[in-house]
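Written out below as structure tokens is the structure these notes cover.
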Amino acid sequence: MIERKNMGRVSTILLALLSFGFFFATYNLLTMIIHNKASNLGSWESDGLDSSGDLKPKYHVALTATDAPYSQWQCRIMYYWYKKTKDMPGSDMGKFTRILHSGAPDKLMEEIPSFVVDPLPEGLDRGYVVLNRPWAFVQWLEKATIEEEYILMAEPDHLFVKPIPNLAYGSQPAGYPFFYIKPTEHEKIIRKFYPEESGPVTDIDPIGNSPVIIRRSMLEDIAPTWVNISLRMKDDPETDKTFGWVLEMYAYAVASALHGVRHILHKDFMQQPPWDFEVGKSFIIHYTYGCDYNLKGELTYGKIGEWRFDKRSFLSAPPPRNLSLPPPGVPETVVRLVKMVNEATANIPGWDTLTSGSDQE
């Protein structure tokens with residue numbers, strides 16, 4: 001009886017150990033399958049942006065800018081929100097750099113960490129100033145000392161709603177799927193820069209360079225190609241006419257694909273008012289579009305509204321402090337945008353004069 005009881009105990013323990021081992025092996029197998037699927041099949045879309053709680057490498061926040069007032073005031077607001085969110089729980093944000101491609105220091109050098117690079121040779125951008133972005137990144141990556149293993153490519157008109165974890169999955173960068181970047185609908189044009197031997201056009205992600213979190217070594221490889229594709233696209237009349245102001249975004253998408261790089265696509269990486277209504281789980285508000293509404297809270301896009309916020313209204317000087325809030329009924333993203341702008345301008349010293357230091361009002 002004693003032997004049978006002991007054998008029963010041993011069998012129970014052995015069964016438990018075997019069950020645990022089977023579970024652990026199954027878990028590892030599934031993990032390997034998911035990882036291999038991500039590596040071999042390219043980009044996929046992520047509906048959620050959960051943080052696993054594991055320690056992840058920090059990323060360097062970098063954006064390109066000019067010394068024009070229009071660029072400067074956006075950078076000041078963006079840097080304010082970077083500083084506010086950088087050390088919050090869940091953040092993997094590292095240091096910050098404004099890559100200034102005006103060729104000379106400006107008066108924000110002491111206020112915002114900046115690195116001066118040269119613009120493209122005169123006339124090469126043909127009035128399309130964004131062509132300087134890939135060239136600026138090439139110079140910065142070659143000349144600057146960057147401690148972080150990863151880079152977040154951001155833009156001056158990005159507001160950090162909350163801290164961003166490192167969304168990149170090992171060697172696979174994280175990006176945002178833009179609804180207007182559609183490589184498969186422009187295959188004839190795309191094939192001028194992405195030949196058939198490189199692979200199907202579906203290998204090109206529907207992204208721009210920003211927001212993207214990417215391993216620094218990968219960006220060092222992609223950036224020169226990004227420059228070349230951008231310039232070639234601008235030189236091709238059909239491509240220039242078709243892609244217009246998003247040409248440089250297509251160039252980054254094609255350059256990445258040429259290097260065999262696919263991105264994890266995070267729909268909640270950012271929101272773009274007025275088209276996105278709720279902030280939700282997103283990390284960034286991107287205010288590239290004008291927001292025009294009547295006093296009933298109805299969108300009047302394409303027509304100047306009774307209430308409006310459009311960054312292009314402030315090309316030569318920063319917006320005033322304490323902008324009026326939108327009327328009732330306007331989406332949460334628009335309300336949040338204006339409140340965030342107001343908070344930043346209320347707390348940035350010397351706001352109206354674009355200088356650091358004490359307030360001169």
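The values are calculated or read from the model by the stated rules, or taken from the named source; none is laboratory data. No experiment lies behind these values; they were computed from the predicted model shown. Glycine gets a Cβ as well: all are built from the backbone with ideal geometry, and neighbour counts include every protein chain shown. These accessible areas exclude ligands, DNA and RNA; they are computed on the full protein's heavy atoms, side chains included. Shrake-Rupley method; radii C 1.70, N 1.55, O 1.52, S 1.80 Å.
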How do the pairs read when you match residues in the range 173-198 that are in contact (Cβ under 8 Å) with a residue 12 or more places away in the chain with residues anywhere that are open to solvent by 50 Å² or more (accessible area, probe 1.4 Å) and part of a helix (DSSP H, G or I), using Cβ under 7 Å and keeping only pairs 6 or more apart or on different chains? Thr184/Thr202; His186/Thr242; Ile189/Glu238; Ile189/Thr242; Phe193/Arg232; Tyr194/Leu258; Ser198/Leu258
Does any residue of the range 282-302 turn out to be among the hydrophobic types (A, V, I, L, M, F, W, C) and touching a His at 6+ places or on another chain (Cβ under 7 Å)? yes
Considering every residue within the range 283-303, establish whether at least one is under 18 Å from Leu337 (Cβ atoms), in a strand (DSSP E or B) and open to solvent by 30 Å² or more (accessible area, probe 1.4 Å). yes
Members of the range 166-176 found to be within 26 Å of Val334 (Cβ to Cβ) and open to solvent by 10 Å² or more (accessible area, probe 1.4 Å), listed by number: Leu167, Tyr176
Does the range 227-248 include one or more residues that are at pLDDT 95 or above, open to solvent by 10 Å² or more (accessible area, probe 1.4 Å) and part of a loop (DSSP other than H, G, I, E, B)? yes
Can you give me the number of residues within the range 258-282 that are open to solvent by 10 Å² or more (accessible area, probe 1.4 Å), more than 16 Å from the chain's Cα centre (by Cα) and in contact (Cβ under 8 Å) with a residue 60 or more places away in the chain? 2
Looking at (1) assigned to a loop (DSSP other than H, G, I, E, B); (2) open to solvent by 20 Å² or more (accessible area, probe 1.4 Å), which is the only condition Val330 fails? (2)
Within the range 30-79, considering residues that are open to solvent by less than 10 Å² (accessible area, probe 1.4 Å) and more than 26 Å from Pro156 (Cα to Cα), the one modelled with the highest pLDDT: Gly42
Pairs please, first residue from the range 79-93 and in a loop (DSSP other than H, G, I, E, B), second anywhere and open to solvent by 80 Å² or more (accessible area, probe 1.4 Å), Cβ atoms under 7 Å, 6+ apart in sequence or on different chains. Asp92/Lys58
Given (1) in a loop (DSSP other than H, G, I, E, B); (2) in contact (Cβ under 8 Å) with a residue 12 or more places away in the chain; (3) open to solvent by 50 Å² or more (accessible area, probe 1.4 Å), index of the condition Met109 fails: (2)
When the residues of the range 117-145 are filtered to those that are touching a helix residue (DSSP H, G or I) at 6+ places or on another chain (Cβ under 6 Å) and among the β-branched types (Val, Ile, Thr), which remaining residue is farthest from Arg312 (Cα to Cα)? Val138
Selection from the range 177-222 of residues part of a loop (DSSP other than H, G, I, E, B), open to solvent by 20 Å² or more (accessible area, probe 1.4 Å) and touching a strand residue (DSSP E or B) at 6+ places or on another chain (Cβ under 6 Å) yields Pro177
So, of the residues in the range 333-356 that are more than 19 Å from Lys84 (Cβ to Cβ) and crowded, with 17+ Cβ neighbours inside 10 Å, which turns out to be modelled with the highest pLDDT? Val334
How about the range 162-172: which of its residues are part of a loop (DSSP other than H, G, I, E, B) and either free of Cβ contacts under 8 Å to residues at least 12 places away in the same chain or not β-branched (Val, Ile, Thr) (or both)? Lys162, Pro163, Pro165, Asn166, Leu167, Ala168, Gly170, Ser171
